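Here is the structure we will look at, set down as structure tokens.
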Amino acid sequence: IDGRPVWLAALHKWVDELIVSNEEILFVSFEGFSAWPSEGNLAGWPMNDPPGSLARQGSHPCIHFLDTLHQLLPSYIELKTILTLRNQCDWLGSLAAQMKVSDTTFVERLIKANDAFLDYELFTKGLERLRSKEQHITLFFENGLEYNIKQILCFSGYSDAVSENLQVFQA
């Protein structure tokens with residue numbers, strides 16, 4: 001999602017396919033969409049940055065992606081965004097453990113460098129400006145799955161009856 005022609009061409013093709021579809025499309029991205037592109041456009045996680053790496057600056061790349069997507073979509077297609085944030089201490093620690101990173105000094109480096117990866121406010125405000133408060137909602141992981149699902153159903157325009165009868169099963 002870094003604006004290279006190959007990415008834009010793929011997005012144009014996908015939008016063309018989306019436009020001819022009469023179905024609701026739900027694009028879900030777990031953690032991966034929150035990564036910043038790195039070498040080879042692979043997900044770039046801060047715990048993989050070698051010491052001395054340049055800090056991420058400015059708006060999150062997914063805001064650029066969503067802005068481009070919005071510009072390509074006809075006005076009759078509604079695009080909403082839902083962001084669920086997890087507290088940074090737990091999330092960064094969990095992600096580092098998943099990636100088998102034992103050197104936790106990356107957190108201190110990110111803070112000292114004022115790395116935009118940690119700037120949740122910049123990220124959420126960017127989505128709100130891009131989508132408007134009516135088209136974007138930010139939720140918190142710590143509120144719990146059942147609460148968040150009910151909020152998502154309400155935000156998405158599904159009936160309260162669906163929300164009230166919701167049963168959440170966790171594996």
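The values are calculated or read from the model by the stated rules, or taken from the named source; none is laboratory data. Keep in mind that this is a model prediction, so the values were computed, not measured. All Cβ positions, even for glycine, are placed from backbone atoms using ideal geometry, and neighbour counts span all protein chains on display. Please note that ligands, DNA and RNA were not included when accessible areas were found on the heavy atoms of the full protein model with its side chains. Shrake-Rupley method; radii C 1.70, N 1.55, O 1.52, S 1.80 Å.
Could you check A43 against (1) aliphatic (A, V, I, L, M); (2) over 20 Å from R86 (Cα atoms); (3) at pLDDT below 80 and say which number it fails?
Going through (1) aliphatic (A, V, I, L, M); (2) over 20 Å from R86 (Cα atoms); (3) at pLDDT below 80 one by one, A43 breaks only (2).
When you scan the stretch 39-148 for helices (runs of 4 or more DSSP H) that lie fully inside it, which ones turn up with 3 or more residues that are over 30 Å from E17 (Cα atoms), among the hydrophobic types (A, V, I, L, M, F, W, C) and open to solvent by less than 30 Å² (accessible area, probe 1.4 Å)? I'd like the intermediate steps shown before the answer.
Numbers: elements: 61-72, 88-98, 105-112, 120-131.
Filter on the stretch 39-148 gives 88-98.
Can you spot a residue in the stretch 89-100 that is of a type outside the set (A, V, I, L, M, F, W, C), more than 17 Å from N48 (Cβ to Cβ) and at pLDDT below 90?
Applying the first criterion (of a type outside the set (A, V, I, L, M, F, W, C)) to the stretch 89-100 yields 90, 93-94, 98, 100.
Filter once more, so that each one left must be more than 17 Å from N48 (Cβ to Cβ): 90.
From the residues that got through so far, the ones that are at pLDDT below 90 too are 90.
There is at least one residue in the stretch 89-100 that is of a type outside the set (A, V, I, L, M, F, W, C), more than 17 Å from N48 (Cβ to Cβ) and at pLDDT below 90.
Quickly run through the stretch 48-62 and pick out the residues that are touching a strand residue (DSSP E or B) at 6+ places or on another chain (Cβ under 6 Å) and under 18 Å from A96 (Cβ atoms).
Hit for the stretch 48-62 is R56, nothing else.
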